[in-house]
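The values are calculated or read from the model by the stated rules, or taken from the named source; none is laboratory data. Here the structure is a predicted model, which means the values were calculated and not measured. So basically every Cβ, Gly included, is an ideal-geometry build from the backbone, and we count neighbours across all protein chains shown.
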């Protein structure tokens with residue numbers, strides 16, 4: 001394969017997930033750059049072993065480069081884009097024709113995704129410059145989910161070599177013209193975001209965007225997600241409709257449930273990086289963090 005992939009990760013408060021994510025990145029990417037930081041002052045209280053785990057992992061696995069970036073901790077949407085650009089400055093592969101894969105620590109991929117993406121890039125990479133992954137967005141446990149999608153792969157083009165044409169808030173890749181390839185859910189993302197610490201999620205949303213409190217997310221997390229009963233879903237999607245005007249377990253339309261508003265159910269295999277952990281044994285991640 002002539003085109004190379006640079007992997008970027010910014011993480012915090014993710015000790016249960018970080019090592020598996022790093023293993024995934026090593027398999028998928030030719031270079032791996034990782035920054036462990038809090039994004040905003042209110043997030044510092046959730047510091048755990050993520051930094052130490054990453055540091056030890058990078059000592060043993062030289063492909064993973066852990067970078068401490070000095071950044072103004074203010075709003076996640078601003079600081080993360082700045083950190084990504086800083087990490088790219090250290091890459092030997094930041095050249096036109098190569099690709100950037102941005103990871104979140106709670107995002108994993110089907111076991112066939114890596115080989116499929118590399119083949120697609122090699123044979124059809126001239127036809128598109130961004131890749132969107134359809135995803136299963138898990139909710140409460142590793143069986144119930146909604147459908148969504150996220151952009152995660154970005155082609156480096158000549159104009160991106162200019163310092164002013166890289167990641168911009170909110171982690172959007174600057175492009176002259178988007179040519180998007182959408183990866184179907186069978187080869188897509190397993191997104192475990194809501195299975196992480198909901199207390200941290202609540203604080204995170206308070207400072208995600210400058211001038212935007214995201215009070216709706218905080219209210220939803222406290223009133224709906226905290227109390228959602230998988231054995232009585234119709235009641236809770238009804239309560240969500242009362243609060244947010246949408247018959248769904250979610251407060252907005254960016255994630256899609258079944259037609260009746262309830263969650264999809266998945267009984268298949270998870271990515272091997274998750275299958276190798278005890279996370280699949282957890283029946284309610286809210287209880288794991290004392291959030292119910």
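Go through the stretch 238-248 residue by residue and tally those that are surrounded by fewer than 12 Cβ atoms within 10 Å (Cβ to Cβ) and touching a residue at least 60 places away in the same chain (Cβ under 8 Å).
So the answer is 0.
If we keep just the residues of the stretch 211-237 that are touching a residue at least 40 places away in the same chain (Cβ under 8 Å) and in a loop (DSSP other than H, G, I, E, B), which is farthest from residue 24 (Cα to Cα)?
So the residue we want is 227.
Matching residues to (1) in contact with a helix residue (DSSP H, G or I) (Cβ under 9 Å, 6 or more places away or on another chain); (2) crowded, with 16+ Cβ neighbours inside 10 Å; (3) free of Cβ contacts under 8 Å to residues at least 12 places away in the same chain; (4) assigned to a helix (DSSP H, G or I):
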| site | (1), (2), (3), (4) |
| --- | --- |
| 2 | yes, no, no, no |
| 22 | yes, yes, no, yes |
| 32 | yes, yes, no, no |
| 92 | no, no, no, no |
| 95 | yes, no, no, no |
| 114 | yes, yes, no, yes |
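Return yes when residue 170 is modelled with pLDDT under 95 and exposed (fewer than 14 other Cβ atoms within 10 Å of the Cβ) and no when it is not.
So residue 170 passes the test.
On the basis of being in contact with a helix residue (DSSP H, G or I) (Cβ under 8 Å, 6 or more places away or on another chain) and in contact (Cβ under 8 Å) with a residue 24 or more places away in the chain, does residue 187 make the cut?
Taking the combined requirement at face value, the residue satisfies it.
Report, by residue number, each residue of the stretch 124-149 that is in contact (Cβ under 8 Å) with a residue 60 or more places away in the chain and out of contact with any helix residue (DSSP H, G or I) (no Cβ under 8 Å at 6 or more places or on another chain).
125, 143, 144, 145, 146, 148
Going through 266, 209 one at a time, which residue ends up being within 21 Å of the chain's Cα centre (by Cα) and modelled with pLDDT of 95 or more?
It is 266.
Filter the stretch 40-73 down to the residues that are surrounded by 14 or more Cβ atoms within 10 Å (Cβ to Cβ) and touching a residue at least 60 places away in the same chain (Cβ under 8 Å) and list them by number.
Scanning the stretch 40-73 gives 40, 42, 43, 46.
Hey, can you tell me all the residues within the stretch 51-84 that are under 21 Å from residue 203 (Cα atoms) and modelled with pLDDT of 90 or more?
Listed by number, the residues that qualify are 51, 83.
In the list 251, 190, which residue meets the criterion of being in a strand (DSSP E or B) and crowded, with 20+ Cβ neighbours inside 10 Å?
Of the residues listed, the single one that is in a strand (DSSP E or B) and crowded, with 20+ Cβ neighbours inside 10 Å is 190.
Would you check if there is a residue in the stretch 200-210 being closer than 30 Å to residue 260 by Cβ, touching a helix residue (DSSP H, G or I) at 6+ places or on another chain (Cβ under 6 Å) and in contact (Cβ under 8 Å) with a residue 60 or more places away in the chain?
no
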